[in-house]
1. Given (1) within 13 Å of the ligand (Cβ to nearest atom); (2) buried (at least 23 other Cβ atoms within 10 Å of the Cβ), identify the lone condition not met by residue 124.
2. Among the candidates 385, 350, which residue alone is small (Gly, Ala, Ser), free of Cβ contacts under 8 Å to residues at least 60 places away in the same chain, closer than 19 Å to residue 27 by Cβ and not assigned by TED's automatic domain parsing to the domain that holds residue 182?
3. Restricting attention to segment 73-110, report how many residues are among the small types (Gly, Ala, Ser) and crowded, with 23+ Cβ neighbours inside 10 Å.
4. Among the candidates 322, 346, 289, single out the residue that is within 20 Å of the chain's Cα centre (by Cα) and not in a strand (DSSP E or B).
5. Which of (1) of a type outside the set (Gly, Ala, Ser); (2) part of a helix (DSSP H, G or I); (3) under 27 Å from residue 307 (Cβ atoms) does residue 139 not meet, given it meets every other one?
6. Can you report the number of residues in segment 384-408 which are crowded, with 18+ Cβ neighbours inside 10 Å and either within 26 Å of residue 177 (Cα to Cα) or at pLDDT 95 or above (or both)?
7. Considering segment 154-181 alone, what residues qualify as being within 11 Å of the ligand (Cβ to nearest atom) and either modelled with pLDDT under 95 or part of a loop (DSSP other than H, G, I, E, B) (or both)?
8. In segment 370-383, how many residues are surrounded by 22 or more Cβ atoms within 10 Å (Cβ to Cβ), in contact with a Ser or Thr (Cβ under 6 Å, 6 or more places away or on another chain) and either part of a strand (DSSP E or B) or acidic (Asp, Glu) (or both)?
Amino acid sequence: MPLQPRGRPLDDVLGQMRKEKEADADWRGGRTWSLVYPAGEEIDACLEAANRLYLYENALNPLRFPSLRRMERDVVETTCGLLHGAESASGAMTSGGTESILMAVKTARDRAREERGVRSPKLLAPYSAHPAFAKAAHYLGLELVQIPLDTDYRADVGAAREQIDEQTVLVVGSAPCYPFGVVDPIPELAALAAEHGTSFHTDACLGGFLLPFLERLGEPVPAFDFRVPGVTTISADIHKYGYCTKGASIIAHAHKDTLRRYQTFVYDRWPGGVYGSAAMAGARPAAPIAAAWAVLQFLGEEGYLAQARRIVATTRHLREGIESIPELRLHGDPVMSVLAFGSDEIDVFAVGDVLDEKGWCLDRQTQPDALHLMVSPEHDRVADALLDDLRHAVQHHGRARAHTARYS
Ligand SMILES: Cc1ncc(COP(=O)(O)O)c(C=O)c1O
């Protein structure tokens, strides 16, 4: 679209945006089961106010905006605390899970190069690990070695033991993984990495701000955080189950040394003065830092526990509902709020098509074919309606062939 010669009235511009937005996924109504994590209007109001307050600032130079520097430090410290980091733990905020993962992979690569002289680095990650690890391997010149999954969809530790070698710079486990919501055997994988003197990353992008609260509620939570010996870095996305608006994640290091030595970039060979940054971005939006800080303050432990309770109840209800439909089968034993279900008898994508027609948005997966749900607090209002439509779709349409393209 060429730039128009003359500007348009603001009402006109916003009117067009609002109109076109009507065709977007309806997450406010609870019909979307990924991408956005709605937690209620009070939290939305907190996020909107915090974002507005810091819409224009630039987090590149913390010396100019000390309030931002303090908020980022608070968010990192709170997160390290939730993940049971020791005094030595530290970290940085990034734009999202992918950037946090890129930083973990870079740290591990550079550490292995310096400490062990590794020149052909390998990254060992479960087949179910997020594509951000493949992207990091691609960008940073590592070979990605995929650990096969066991029958329970968790990384096969025996296979990892065969695959690891002296060129392995990082072993990865997810808590939980996106496709099945299961937590990999983190203690076993981290011990394997430690035995080989190499780094281990827990990808808690999904679980970092929910598993700690589930544990406090007495739910069974497998070990995944800095209490596990051998875990060197953890990614935790506050823009997922921390309920922050997008653009906020934390890369946490067990020891601040690795953050300083292998992640942080400092440069002074240009006329513009000393330039330093802790992650990929140069100029950084201030609003995600402000929103992350504000939502942590606004909710506190009590608020996060209340949201976690809603999620537990809704996930249990959905799980029981799905398991009560004879044609459907849950994949694995998810620990948190992420469910994938398929069928040996019917075409689960045809079921997805019917749900689409009713306005629901469930992601499709393959290997095995499945529909995918990530439960947010606000889904408690619509869980029964989804189950009704799901039962109906299975009974009346499941045997029809899916007519839309299969995608994951
Ligand atoms: C387990 C896991 N890791 C990493 C990511 C990547 O996070 P982002 O989309 O914020 O880059 C996701 C995204 O859903 C995820 O589920």
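The values are calculated or read from the model by the stated rules, or taken from the named source; none is laboratory data. On a predicted model such as this, the values are computed, not experimentally measured, just so you know. As a convention, Cβ positions derive from the backbone with ideal geometry for all residues, glycine included, and neighbour counts pool all protein chains shown.
1. Of everything listed in (1) within 13 Å of the ligand (Cβ to nearest atom); (2) buried (at least 23 other Cβ atoms within 10 Å of the Cβ), residue 124 misses just condition (1).
2. Every option except 385 fails the conditions.
3. So the answer is 6.
4. 289
5. (3)
6. Residues that pass the stated criteria total 5.
7. Residues satisfying the conditions are 175, 176, 177, 178, 179, 180, 181.
8. 1
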